[in-house]
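One structure is given here, and the rest of the page talks about it.
The values are calculated or read from the model by the stated rules, or taken from the named source; none is laboratory data. Bear in mind the structure is a predicted one, so any value in this text is a computation, not a measurement. Using ideal geometry, Cβ is built from the backbone for each residue, glycine included, and neighbour counts are taken over all protein chains shown. Accessible surface is based on the protein model in full, side chains and every heavy atom, while ligands, DNA and RNA are left aside. Shrake-Rupley method; radii C 1.70, N 1.55, O 1.52, S 1.80 Å.
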Amino acid sequence: MGTLTRYAFALGVITLSSQLLSAQQPWDWGFGHAGHIWDIATDADGYSYVVGHAYDTVGFMGVQTDPGGGFLAKVSPTGSMIWTQTFTNAIFLEIELKNDLLYATGEGETNVVVGSHSFFVDPGQGWACLVASFDTTGNDLWVNCLRSPEDISANDLDVNDAGELFIAGTGREAIYTNTDTLYLNSPWAQVLILKYAPGGSVEWITTAGCISSETFATGIACDELGAAYITGSAYDGMFVDCDSLEFGPFTMPSTSSFFLTKVDGAGDFVWLRHAFGAMATDVEYLGGNAVAVIGNFSDSTNAVGTSTLLSQTTDMFMGSFDLDGVPGW
């Protein structure tokens, strides 16, 4: 079941109340009837860019939307809407702002229309992964559609100063881009890492995992030198017919659940860190020589730092690694 279907349930009126946010919030706004705002990016002048999905034609702040599609909107620091772009059968879930350009990733099904770009997604192939770039006036610059006969999703994105876009998600079997077919090494869910050139073409796809494993990338961050850091989790609650999960030349036991890995600008794995008991949520480049990773754990683990984290129930962690994979705090 695709996201366009599984998210389509009644949510009631959604508004952002100044009483709920804080007394310092000078404005509030919301959907006409029902919907979601999925992500936000804000520029240095306080203008916000939001992506979401409205479930009726009243749409976002009174702008008519397609019930089967999403929107991208720009909001001023005082809460007034500058513009809204609406899409057909497409929802963007993540957005980043870099060098006055917007980058977004999400999902689409059947007849997808994003600005001047349109794609047909065979219903037999489920739903597709969309990756797009817009300028700050809402014009679509490029859109790339990733399709698969099995399963594909993009869970996070990041952009470096050179305009290179990195995507972390999950993929299976063959992946069809706008121009190429790329074959993966496992029929089961696995880590999927993609790099896009500034113009929107796919430079490479790197995968990790093994047959019968369920391995997901949940966060990605890129540094100033062109490398990317990917974190995620492996699920071993099913039969796994391999002893280890492969990350290029590196492996981790199939019983481990947490991983943090680095790939260089060519898509090659540089190092891998892993642990049992922890589930990763996201990773962020801190600048200089460090990344921070966050997540939760429900058992004793040494997932971050050099100390053992103890918990009787599910708890949270935040820790750092340097760019060579050495644990920090």
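Numbers below:
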{"read-out": "Count of residues meeting criterion [polar (S, T, N, Q), surrounded by fewer than 19 Cβ atoms within 10 Å (Cβ to Cβ) and at pLDDT 85 or above] in segment 184-214", "value": "1"}
{"read-out": "Selection count where residues are within 19 Å of Glu203 (Cα to Cα) and over 17 Å from the mean Cα position of the chain (by Cα), scope segment 110-162", "value": "5"}
{"read-out": "Unique match (being modelled with pLDDT under 85 and surrounded by fewer than 17 Cβ atoms within 10 Å (Cβ to Cβ)) among Thr57, Thr78", "value": "Thr57"}
{"read-out": "When residues of segment 279-293 are limited to those that are farther than 10 Å from Thr218 by Cα and surrounded by 17 or more Cβ atoms within 10 Å (Cβ to Cβ), the one nearest to the chain's Cα centre (by Cα)", "value": "Glu284"}
{"read-out": "Test: residue in segment 259-270 that is within 12 Å of Gly219 (Cβ to Cβ) and at pLDDT below 90", "value": "no"}
{"read-out": "Matching residues in segment 86-102 - criterion: being open to solvent by less than 10 Å² (accessible area, probe 1.4 Å) and in a strand (DSSP E or B)", "value": "Ala90, Ile91, Phe92, Ile95, Leu102"}
{"read-out": "Odd one out for His36 among (1) open to solvent by 30 Å² or more (accessible area, probe 1.4 Å); (2) modelled with pLDDT under 90; (3) closer than 20 Å to Gly169 by Cα", "value": "(3)"}
{"read-out": "Selection count, segment 125-157, where residues are open to solvent by less than 30 Å² (accessible area, probe 1.4 Å), within 14 Å of Glu109 (Cβ to Cβ) and in a strand (DSSP E or B)", "value": "7"}
{"read-out": "Evaluation of Arg172 against (1) touching a Lys or Arg at 6+ places or on another chain (Cβ under 8 Å); (2) surrounded by fewer than 21 Cβ atoms within 10 Å (Cβ to Cβ); (3) of a type outside the set (Asp, Glu) (one fails), failing number", "value": "(1)"}
{"read-out": "Residue list for segment 104-124, restricted to those being open to solvent by less than 10 Å² (accessible area, probe 1.4 Å) and modelled with pLDDT of 90 or more", "value": "Ala104, Thr105, Gly106, Val114"}
